[in-house]
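Contents: one structure, followed by commentary.
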Amino acid sequence: IKSKKNEQVTFDLISYYKDKLVPTMPIGADTLMKKYKIPEGKQLGNKLKMIEEVWVKNDFKISDQEVENIIRS
């Protein structure tokens, strides 16, 4: 069912989000494997997930020290 109200809401949402940047996590698996010598596997996945959780909680920001703390835990 089409209605002008629904079309306007959809248009407003598209307008609002079209210029937003999608944050990308600054630390990836390659970095953890090379810099911290973490082998590919379950441990690497767990560390990435922990880093991502902290990054999201911190409004998509994470310091090198926070990453170091996660790696050492």
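The values are calculated or read from the model by the stated rules, or taken from the named source; none is laboratory data. Just so you know, these numbers come straight off a predicted model, no measurement behind them. FYI the Cβ positions are ideal-geometry reconstructions off the backbone, even for glycines, and counts take in every protein chain you see. The accessibility values were calculated without ligands, DNA or RNA, using every heavy atom of the protein model including side chains. Shrake-Rupley method; radii C 1.70, N 1.55, O 1.52, S 1.80 Å.
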Pair list, Cβ under 6 Å, 6 or more apart: the stretch 56-73 residue in a helix (DSSP H, G or I), other residue open to solvent by 60 Å² or more (accessible area, probe 1.4 Å): Ile70/Met50
Residue tally, condition within 20 Å of the chain's Cα centre (by Cα) and not in a loop (DSSP other than H, G, I, E, B), over the stretch 10-33: 6
Check on Ile27, touching a residue at least 40 places away in the same chain (Cβ under 8 Å), surrounded by 11 or more Cβ atoms within 10 Å (Cβ to Cβ), closer than 12 Å to Ile71 by Cβ and hydrophobic (A, V, I, L, M, F, W, C): yes
Sole exception among (1) modelled with pLDDT under 95; (2) open to solvent by 90 Å² or more (accessible area, probe 1.4 Å) for Ser3, by number: (2)
Residues of the stretch 41-73 satisfying the condition of being of a type in the set (Asp, Glu) and surrounded by 11 or more Cβ atoms within 10 Å (Cβ to Cβ): Glu52, Glu53, Glu66, Glu68
